[in-house]
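The values are calculated or read from the model by the stated rules, or taken from the named source; none is laboratory data. None of the values given here were measured: they were computed from a predicted structure. Heads up, the Cβs are rebuilt from the backbone with ideal geometry, glycines too, and the neighbour counts pull from every protein chain shown. Areas reflect the complete protein model, heavy atoms only, side chains present, ligands, DNA and RNA absent. Shrake-Rupley method; radii C 1.70, N 1.55, O 1.52, S 1.80 Å.
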Amino acid sequence: MENITLTFADGKKINVSARCKGKDIIKDLPENKGTLIALKVNNKVVSLCRPIRVSSRIEGVYLGSKDAAYVYRRSLSFILAAAAHKLFPDTRLLIGHSLGFSYYYTLDRKEPVTEKEIAALREEMLRIVKADIPITTKHISYEEAVETFRKLNMPETAKQLQYRCSDYVLVNSFKHAEKDFLDIYFGSLVDSTGILGVFDLMKYDEGFLLRFSTAEKPDEVAPFEDLPKIFDIFKRYKKWGKLVNVTSAASLNEIVSRKKINDFIDICETYQAQNYAKVAQQILDRGNVKVVLIAGPSSSGKTTSAFKMALHLRSIGYTPKTISLDSYYVGRDRNPKDENGNYDYECLEALDVELLNQNLIDLFAGKEVEIPSYNFDLGQRYYTGDKMKLEPTDILIIEGIHGLNDKLTPLIKPEFKFKIYLSALTQLNFDDHNRVPTSDNRLIRRIVRDANFRGKSAAGTIGMWDSVQRGERLHIFPYQNSADAVLNTALDYEIPVLKIYAEPKLRAVKPSEPEYTEACRLINFLSHFNAISSDYVPPQSLVREFIGGSSFKY
């Protein structure tokens, strides 16, 4: 058999036979005190059970890293699906969405899941963990896959195979209850179940949560933080998805193949517009709102949402005016720096809170105020003579990451403020057991926008995404439950549109780049959706903020 050369992170090289498996070379890896659960082969995460076919650079994936967290959580979901199939073979287990450091699940029936059933699921999962059952990855024929998933009561998975042009299907498999349990491959899993002891199941609403650890603390289940407003939005959109019969990538692909996508786009846009209109009515019903504060994580559509809210507020008698928080940066001479010595423009201290509040107080008192501007090249504030005065029907709209934090507007009376939280909370799943991560939706939006309008490569956007998410965890997510309203900016047809723009950029990421791992994962993510031409996207759609061609002027 042909030999290949494997090169490790410390420079060590070994010659092995082609198609040797990752677990066969564990002894050759540089010493690491962590727990190994997968490998990076040329910067692509693979299971320890997968063969290595060509000469490659090899790194270990250890618990405590983001890559390991992905593998661990997918593996937990896999054994949960197996446990549910054994205990409830005639009832489908349905994954819902993430809620903090957990995934929400239901059983496909009218009755809520009981505490007794959750206890039985937990016990069965622990039995699987204790048995330390090997997990393998293998190819099976298309016909066998369709038949297997139908027998396993996974109709959405079987349906999705209709839109994959391949004579074989990659699956994860293990021996459970004397039978092979299979699920379609969406990413690498651990090579044996014995490592998966850190989890818990907890009853929540009509279903339950599969709780897991953070990437940073893999040895303990993360504390539970309830997010009732976010959950209610998800629940409402899940119900809507069932009403329009689009709950998965497979059902969306079916609409594309039947050439009915134009109607579905109109339905999505109309439903989103109705939700914006409801929030505008909430503002009117409050009666004394003077400023609407809009906040949300990166690529949640804050700019377009501000435009849309302005339109809806106009339609009920307001005259909206906008203030940009960017105009209130303190300047480089006063701007804090992060731990790396770079200017931290995301912290609250980067803004002149005192000046902003004084301007708002004066505006609400009927005074005329000169609004500042900011020169990012020079890092200095300047004035152009631009002045603002509020008339009785005027209302301010301010969008920015600190909008929900009352420390931004401490001198403004609470009754004058209406806070809106935005996030792209897609209700779609890939199939019954595999969810579409909301953060991936936003990352793909960001990749497309950065490439279209900022000349940034996909690798560049991926490389700074961890830093962006750290900022969100610090400055946005802690305040989401304080919002007066939550708006979902996801549109269920958008991923197939973004796919056309994102895929070429992702395929340009080279295996030698550290961002290749994430690029491969996102390419696999997009492969489950049939593309939709941007010609179908309306000019006022929020999607236009990322692909261009909007009737709004940004």
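List, in the order given, every pair from LYS238/LYS499; LYS138/LYS159; LYS130/LYS242; LYS151/LYS260 whose Cα-Cα distance in the structure shown is over 27 Å. Intermediate values should be presented prior to the final figure.
Details: LYS238/LYS499 23 Å; LYS138/LYS159 20 Å; LYS130/LYS242 38 Å; LYS151/LYS260 30 Å.
Beyond 27 Å between Cα atoms: LYS130/LYS242; LYS151/LYS260.
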Problem set entry | Amide H within-cut-off set for GLY60, under 5 Å, with H built and near neighbours excluded | LYS40
For this session: Measure nothing but the geometry: give the 0 to 90° angle between the long axis through the Cα atoms of 494-507 and the longest principal axis through the Cα atoms of the chain, rounded to 10°.
Result: 70
Exercise. Excluding same-chain residues fewer than 8 positions from LYS321, which aspartates and glutamates have a Cα within less than 17 Å of its Cα?
Worked result: ASP362, GLU368, GLU370, ASP386, GLU391, ASP394, GLU399
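For segment 365-404, what does the alpha-carbon gyration tensor say about shape, rounded, prolate or oblate, given a ≥ b ≥ c as the root eigenvalues, a/c under 1.5 as rounded, and a/b over b/c as prolate? Please list the in-between numbers first.
Numbers: a/c = 3.52, a/b = 1.40, b/c = 2.52.
Taking the square roots of the gyration eigenvalues as a ≥ b ≥ c, segment 365-404 is oblate.
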Exercise. Hey, what do the phi angles of segment 43-60 turn into as Karplus ³J(HN,Hα) couplings, whole Hz, using 6.51/-1.76/1.60 and θ = phi - 60°, x for Gly and Pro?
Worked result: 6, 10, 6, 9, 5, 5, 8, 7, x, 9, 9, 10, 4, 8, 8, 10, 9, x
Exercise. Between ARG127 and GLU216, what length comes free when the chain is fully extended (0.36 nm per residue of separation minus the Cα-Cα distance, one decimal in nm)?
Worked result: 29.4 nm
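Which whole-number value in Å² is the accessible area per residue of segment 432-554, probe 1.4 Å? Present the calculation step by step, with values, prior to reporting the outcome.
Working: 4580 Å² over 123 residues.
Spelled out: the 1.4 Å probe surface of segment 432-554, per residue, equals 37 Å².
If segment 172-296 were replaced by its equivalent ellipsoid, with semi-axes equal to the square roots of 5 times the Cα gyration tensor eigenvalues, what would those be, largest first, whole Å?
Details: eigenvalues 281, 135, 32 Å².
Computed over segment 172-296, the values are 37, 26, 13 Å.
Could you compute the FRET efficiency for ASP466 and GLN380, with r as their C-beta to C-beta distance and R0 at 30 Å, rounded to 0.05?
0.50
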For this session: Note the listed values (i) 27.4; (ii) 30.3; (iii) 22.2, then indicate which one is mean projected area of the Cα convex hull in nm² calculated from this particular structure.
Result: (i)
Problem set entry | Charge sum, other residues only, whose C-beta stays under 9 Å from GLY471's C-beta, Lys/Arg counted +1 and Asp/Glu -1 | -1
Exercise. If you look for lysine pairs in segment 16-86 that are eight or more places apart or on different chains, how many of them have Cα atoms under 27 Å apart?
Worked result: 15
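Under unit Cβ charges (Lys, Arg +1; Asp, Glu -1), what dipole magnitude, rounded to 20 debye, does the chain have relative to its Cα centre?
Values: 76 positive and 72 negative charges, 160 e Å.
Charge dipole, the chain, about its Cα centre: 760 debye, nearest 20.
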Problem set entry | Sequence-distant residues sharing a close amide H with LEU425 (under 5 Å, placed H) | THR489, ALA490
For this session: Find which of THR384, LEU404, ILE420 sits farthest along the positive direction of the dipole of segment 373-425, computed with +1 on the beta-carbon of Lys and Arg, -1 on that of Asp and Glu, about the Cα centre.
Result: LEU404
Exercise. Each residue of segment 454-468 in turn: what ³J(HN,Hα) in whole Hz from Karplus with 6.51, -1.76, 1.60 and θ = phi - 60°, glycine and Pro shown as x?
Worked result: 10, x, 9, 6, 4, 4, x, 5, 4, x, 9, 5, 4, 5, 4
Seminar exercise, completed: The set of residues whose placed amide H lies less than 5 Å from the amide H of ARG50, leaving out same-chain residues fewer than 5 positions away, is GLY22
Exercise. Calculated from DSSP H runs of 4 or more alone, at -39500 (n - 2.57) each and per residue, what is the 222 nm mean residue ellipticity of the chain, nearest 500?
Worked result: -11500 deg cm²/dmol
Problem set entry | Extension gain, SER373 back to ASN357 (0.36 nm per residue minus Cα-Cα distance, nm) | 4.2 nm
Problem set entry | Protein accessible area in the chain, 1.4 Å probe - carbon and sulfur % | 49
